[in-house]
Amino acid sequence: MPAKQTTRELRRRNRSALLSRLYLQGRGSRLELVDSSGLSSSTVSNVISDLIADGVVEEAGSAESEGGRPRTVLQVRRDYGHVIGVDIGETHIEVGLFDCALNTVATATYPMDGNLEPSHVAELILAGIAEVSTSPVSILGVGIGVPGSVDGDELVHAPTFGWRGVPLVKMLADGVSAPLYVDNCARTLGQAEMWRGAGRGSTRAVIALLGVGVGAALAVESDSYQGVSSSTTEWGHTVVHAGGLPCRCGSCGCLEAYIGAEGILDRYLALPGSEPFTAQDTEARMRELAERAERPGPAAETLAVTAEYLGIGIANLTNLVTPDRVVLSGWVSLSIGHTILEAVQDAASRHTLSYLRDGTRVELGQLGPEAVALGAATLPVMRFLANGG
């Protein structure tokens, strides 16, 4: 029996290694897989044959080779299965259906309306899953990104929601037939940006999630099936102004109080000459602010201050962890990022130690409005890769 288990585990590891290579680095030939994996040509041939027979991998044409026959190109089948990602934000819940290559198939968004009760959130998640999965597709799993931490018993602790030890997976399990996975949303977003977004090609990136709250994940390239390891930080609650604005965490002068959505909007409304917003919800108001900032006045002044504090926060991260890239993501970044990016880069440069300055690029995220849901969807994909399909 132990020998059979060892053989089975070796087979799984080999499948995982080759499947991960094709998934994370793109198409490749059998010879390229031999070179990148260190496996023998016979092992690669056998494993790929198994993956093709199982419908996980497919042949996708051929590529020219130097002095020999064209080589068959292999790729992961995007229609092998689908995954669902859930973004639990303070302003909305977004549920996305993605194919196996993480291309968006369908999305559903529900405003939170200030009701952060776990039972209400669970109802919205189930409604979103039902809405995006109406067509008969195979669901490999559902990933859920939460604005907090998750302990070993899958209990969610989200102080900004007033959640402590919420058994979210257990609350959803009866209504979802696919496997459920839950993790911090900044961490999963970091993984998605490294896999498919602005972090691709980076070896050490900070992915900043800008919304009502402010978070960041340090994503480091690794050699595992995940391709990246990611850890979260409480960046939003580092103090950037002694005795400054009160933060909802109970401290004063936190970065979140200056670059979080509510802090930005409140600062604008407190300025002479500011005008009331016509929109009711926070996200629409931020878009209004960006439009008003196109001309001189209180809105432009507000975003200039926001850019300065964001640049200071990035400089602090750079001086501490020396990333080669800082990616600004989240819905606030989508709303105002293009307007303030140049000013943020300037502020970050001025406040970063001179010998570290040239080693870090500051960029906007590339994953679009469903970025956080897409990040959550990497959770079932990780399990798919780890299990070798």
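The values are calculated or read from the model by the stated rules, or taken from the named source; none is laboratory data. On a predicted model such as this, the values are computed, not experimentally measured, just so you know. Glycine also receives a Cβ, built like all others from the backbone with ideal geometry; neighbour counts cover every protein chain displayed. Remember, those area values only see protein heavy atoms, side chains included, never the ligands or the DNA or RNA. Shrake-Rupley method; radii C 1.70, N 1.55, O 1.52, S 1.80 Å.
Taking the longest Cα principal axis of the chain as reference, the axis of helix 185-196 is set at about 50 degrees.
Less than 5 angstrom separates the built amide H of L74 from those of G28, S29, A60, all sequence-distant by 5 or more or on a different chain. Backbone phi angles across the range 247-252, fed through the Karplus curve with coefficients 6.51, -1.76 and 1.60 (θ = phi - 60°), yield HN-Hα couplings of 10, 5, 6, x, 8, 10 Hz in residue order; Gly and Pro are listed as x. Using a Förster distance of 22 Å, how high is the FRET efficiency between A386 and S36, based on the Cβ-Cβ distance and rounded to 0.05? The computed FRET efficiency comes out at 0.75.
In a simple Cβ point-charge model (Lys, Arg +1; Asp, Glu -1; nothing else charged), the range 312-389 has a dipole of about 180 debye relative to its Cα centre. Here the alpha carbons of the chain define both size measures, Rg and Dmax, at 22.6, 78 Å. What the chain shows is 46 Å² of accessible area per residue, with the surface traced by a 1.4 Å probe over protein heavy atoms. A simple spin-label model places pseudo-atoms 7 Å from Cα toward Cβ; at R164 and D79 they are separated by 5.1 nm.
Note on the range 258-389: the C-alpha convex hull projects to 9.9 nm² when averaged across all orientations.
Split the accessible area of the chain by element, probe 1.4 Å, and carbon with sulfur accounts for 49%.
What would the Debye formula give as log10 I(q)/I(0) at q = 0.09 Å⁻¹ for the alpha-carbon point model of the range 1-160, no solvent? For the range 1-160 at q = 0.09 Å⁻¹, log10 I(q)/I(0) is -0.46.
I'd like the distance separating the alpha-carbon centroids of the range 256-335 and the range 340-389, in whole Å. For the range 256-335 versus the range 340-389, the Cα centre distance is 18 Å.
Eigenvalues of the alpha-carbon gyration tensor of the range 127-203, scaled by 5 and square-rooted, set the equivalent ellipsoid semi-axes at 23, 21, 10 angstrom, largest first.
Less than 5 angstrom separates the built amide H of L245 from those of G253, all sequence-distant by 5 or more or on a different chain.
Length available on full extension from T72 to H157: 0.36 nm per residue minus the Cα-Cα distance, which gives 25.7 nm.
Close amide H partners of I93, meaning residues 5 or more places away or on another chain with modelled amide H under 5 Å apart, are Y110, M112.
Angle check, please: helix 41-53 long axis (alpha carbons) against the longest principal axis of the chain (alpha carbons), in degrees 0 to 90, nearest 10. The helix 41-53 is inclined about 70 degrees to the chain. For the pair D358 and N115, label points projected 7 Å from Cα toward Cβ lie 5.7 nm apart. Across the range 281-288, computed HN-Hα scalar couplings (Karplus, 6.51 cos²θ - 1.76 cosθ + 1.60, θ = phi - 60°) run 8, 4, 5, 5, 5, 5, 5, 4 Hz from first to last residue, x flagging Gly and Pro. One chain, two ends: L126 and R204. Fully extended at 0.36 nm per residue, the span grows by 24.5 nm beyond their Cα-Cα distance.
The Cα-based radius of gyration and maximum Cα-Cα distance (Dmax) for the range 155-281 are 18.1, 55 Å. From the square roots a ≥ b ≥ c of the eigenvalues of the alpha-carbon gyration tensor of the range 329-379, which class results: rounded (a/c under 1.5), prolate (a/b over b/c), or oblate? Oblate.
Calculate how steeply helix 2-25 sits against the longest principal axis of the alpha-carbon atoms of the chain, using the helix alpha-carbon long axis, and give the answer as 0 to 90 degrees to the nearest 10. Its long axis makes an angle of about 60 degrees. Could you check how many percent of all C-alpha pairs in the range 245-307 are farther apart than 14 Å? That tail contains 54 percent of the Cα-Cα pairs. Here is the list for the range 26-116: GluC sites (Glu not before Pro) lying in DSSP coil, each with at most 16 other C-beta atoms within 10 angstrom of its C-beta, are E64, E66.
When the charge dipole of the chain is built from unit charges on Cβ atoms (+1 for Lys and Arg, -1 for Asp and Glu) and taken about the Cα centre, the candidate among S37, T107, L22 whose Cα reaches farthest toward its positive end is S37.
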